[in-house]
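> Here it is: the structure, laid out below.
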């Protein structure tokens, strides 16, 4: 990614989510720090209900701190991109852990998981997981509603009004808060869908950019070989023919007899022969050309993707390199965001074998063998 490029949707989501976790933790921790033991015993939050009435305030503070820290770490790890992207099974475990912690410590964390589902999963899997998340939140609310105290007193902030609202009213308020939370989850899920669409467009652009850079590298190598072939042709047609003609003229003069000029003519003929041999050697070296940078091209093609590259150095011609590059690009475009392993090795007949293995084991690998033209 270029330095001047805007941050990715996943990067922005991770940063905003961590800030949100910090704000929600402060929202939970500060009131608990101000409450005494008597006020603490009247709270009916889910985590406190699980800890029991005998729990101390410091235990609740520690539990909330660990819960928010674990949620933030799992979110950061689950939303990682590039080579640090977790595998599908690990990602599912991390998402399940986030939803469980959110139901325990604060329902507002479910807003973040709803957006995360849209960003990381496919449309069908995201919708199914969101439905399961809403159902779990309803079950958690039902469990919490059964544990409300019937004789609980409620007062305003200043303490001037003290009321004993009916239990049904308090349960209705709990379900109303749950309904509003579900609506906000749908809202953040929609925002996450927009971010997911932007992320897919961005990944396609990055893949296209890497493919263009790799193709440009191959074109530069092919152009260099073509230029060396042109120079070799000019040396052969120009200097090589003139040296051959000069060598024949000197040989003819020596056979006719040159008298006192024979020693210098022999030296000139020997020098012309050496120069002609050097020109022929240079022409042969330039005509053979250089091997295409196939290894560097394929590694550039794998940049920014979840690809384990196992590429052996291979001396390939330009034509063979283009065929291997086209097959690798087609195969990588087909796998999308799935983790794969790309292998390149040489064959006994001077060709190349390209294989693509799926690391998740859901599909079979494929291998293509390419041979040099004329082999």
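> Tell me which helices (runs of 4 or more DSSP H) are completely within segment 199-305 and hold 3 or more residues being out of contact with any strand residue (DSSP E or B) (no Cβ under 7 Å at 6 or more places or on another chain), surrounded by fewer than 16 Cβ atoms within 10 Å (Cβ to Cβ) and modelled with pLDDT of 70 or more, or say none if there are none.
241-256, 262-288
> Scan 148, 174 and give me the residue that is in contact with a helix residue (DSSP H, G or I) (Cβ under 7 Å, 6 or more places away or on another chain) and either crowded, with 21+ Cβ neighbours inside 10 Å or at pLDDT 80 or above (or both).
174
> Given the condition in a loop (DSSP other than H, G, I, E, B), touching a helix residue (DSSP H, G or I) at 6+ places or on another chain (Cβ under 6 Å) and modelled with pLDDT of 80 or more, answer yes or no: does some residue in segment 84-98 qualify?
No.
The values are calculated or read from the model by the stated rules, or taken from the named source; none is laboratory data. What you see is a predicted model; the values in this text were computed from it and never measured. No Cβ is skipped: glycine too gets one built from the backbone with ideal geometry, and neighbour counts run over all protein chains shown.
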